[in-house]
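Heads up, the thing below is written out as structure tokens.
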Amino acid sequence: MILLCSNGLTSHELLREAQKYVGHAQKAALVVTADPQYKEKNYHVERCCKQLSYLGLETEIFDFDTQPAEALLQYGVVELIGGNPYYLLHSIRQHNGGDVLRRIAEQGLLIGWSAGALVLEQTIGLIDRYLPDLNFVGLQDRAGLGLTDIQILPHYSKLQKQDASTEEKCRQYETENHCAVLRLDDGEGVLLEKEPRVIRLSMKVQVAGVDFANPLIAASGTFGFGREYGELYPLSVLGGISCKGITIKERPGNPPPRVTETPGGMLNAVGLQNPGVDHFVQEDLPWLSKQGTRIVANVAGNAPEDYCATVEKLNDTCVDMVELNISCPNVKQGGVQFGTTPEGVFGITSEVRKHCKKPLMVKLSPNVTDISEMALAAEAAGADAVSLINTLTGMRIDIRTRRPIIHNNTGGLSGPALLPVALRMVWQTAQKVKIPIVGLGGISTWQDAVEMLLAGATALQIGTVLFTDPYAPQKILEGLLKFMHEQGIQSLSELTGGIRPW
């Protein structure tokens, strides 16, 4: 079996399809020859190993330049990673690897992505239209291994953003060579069964011009920077990660106790403990950028200049989007939260907008009279999207000591108890604004997710449920896929705003 894809198994859909064909295999080989400079140090290797491990496979690195091709026959799954297709094809030919790869495709699962997919085709000629400079080996014969007649153009949307003539070049190639090229985005693929079956991102959503492979974003403050959860599964199964709130300087957070359970949820007053934006950019972001998911930087502060200075440090990074946490006390206004009045929302959003080059999403507090008015103010000030709702202010009391359980006295309530409130607020806001809404607050199941989409959300954030079930994202995504199939829904965006009020 052959699976051609754009950027490895970077979607829930590709992982679930690959799982069907792993069979009784216990080991996988990850072929790194396509990167002649870095080989096993290629930054994709760690991610690919995690994805194969998620399928229950022990992964070993293989290189055609240093190991005999026949050694690949001991593996039930072989994955050819991306890089330089000219060099990969040259090396496979030199070491008589073509026949071995054909036998693997007949007996097990052969995964090829980007360069690794192109060499399995009849020709790698298409790449001449885009990256001819990669041919430093002077490869004259562009004939591929011929394991399939399918031709793909990987990273299609990325290429379009980099080169406006991407589609024109592809059409010219098709016309001149009397063929059809399958355009694939990252997370998509084609499975070569009796008839080729294209695997598209049916749960793909777009927020403020940013494409997410699926609507699930880990909510800020519940996922850290992803390292801990990354030990459990590849983070590419998520549409994105909204990182722990970051500030211009390191913050130690509030003194404990600062977390307690409540009926249907939890109460927290962590106090935005974080290492500061410089540490985030230097230490956390390089690792996050290799995980194959969208990165949303949640930014907090106690004065407008704090917010502005922080977003400026993020402007030239790989962050995909900035989420503005305006549930912070404005020290210049007597500690009143930025997000409690339309004027406050407009003021902080418009000020940050002047300094932020990234798509800007404003996270709205529910502790207001009318959250839709706050959303309108954010939109008017230049926000590209809004996320809602943040936590509700709550309290618990120890009846023995008669003290609040949280040292801060009050904290933010999150968890399933919030869902009805969040749904109502998302629905109200969807009636007012034209910018996308990312819905959050109490989403624990796929049914909750459908409700939030119907209320008007384009994408979703999940948080508190991750503490009780870290595998909730996979369960929610699987439920959404089944629901879409049952309902005949082709694209998840069909659900957004689909509520039919009485």
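Quick note: the coordinates plus some simple rules give every number you see, no bench work behind them. Quick caveat: nothing in here was measured; it's all calculated off a predicted structure. Ideal geometry is used to build each Cβ from the backbone, glycine not excepted, and the neighbour counts take in all protein chains shown.
Observations on the model:
- Relative to the longest principal axis of the Cα atoms of the chain, helix 371-380 runs at roughly 60 degrees.
- Angle in degrees between helix 472-487 and the longest Cα principal axis of the chain, rounded to the nearest 10: 70 degrees
- Taking 0.36 nm per residue of sequence separation and removing the Cα-Cα distance, the S491/D278 pair yields an extension gain of 72.8 nm.
- Assuming charge only on the beta carbon of Lys and Arg (+1) and of Asp and Glu (-1), the dipole of the chain about its Cα centre is about 1360 debye to the nearest 20.
- A simple count of charges around W287, restricted to other residues whose Cβ falls under 10 Å of its Cβ and scoring Lys, Arg +1 and Asp, Glu -1, yields -1.
- On the basis of the beta-carbon distance and an R0 of 45 Å, K354 and Q172 show a calculated FRET efficiency of 0.60.
- Structure-derived volume of the Cα convex hull per residue in Å³: which label, when the choices are (i) 130; (ii) 164; (iii) 185: (ii)
- When you restrict to C-alpha pairs under 8 Å that are six or more residues apart and normalise by the size of the stretch 2-200, the relative contact order lands at 28 percent.
- Positive-end residue of L145, H178, F346, charge dipole of the chain with Cβ unit charges: F346
- Between the stretch 253-321 and the stretch 148-177, the Cα center-to-center distance that results, in Å: 38 Å
- The angle between the Cα long axis of helix 342-355 and the main principal axis of the chain comes to about 40°, on a 0 to 90 degree scale.
- Contact order for the chain, expressed relative to its length and based on alpha carbon pairs under 8 Å spaced 6+ residues apart, stands at 12 percent.
- All lysines inside 28 Å of K434 as judged from Cα atoms, apart from same-chain residues fewer than 8 positions distant: K158, K161, K204, K244, K354, K357, K358, K363
- Theoretical FRET efficiency, 1/(1+(r/R0)^6), r = Cβ-Cβ of R102 and T317, R0 35 Å, to 0.05: 0.20
- Summing Lys and Arg as +1 and Asp and Glu as -1 over all other residues whose Cβ lies under 13 Å from the Cβ of I199 gives a net charge of -1.
- Cross-link reach list, lysines versus K39, counting only Cα pairs under 21 Å and skipping chain neighbours closer than eight places: K27, K50, K290
- FRET efficiency, 1/(1 + (r/R0)^6) with R0 22 Å, evaluated for K20 and E478 via beta carbons: 0.95
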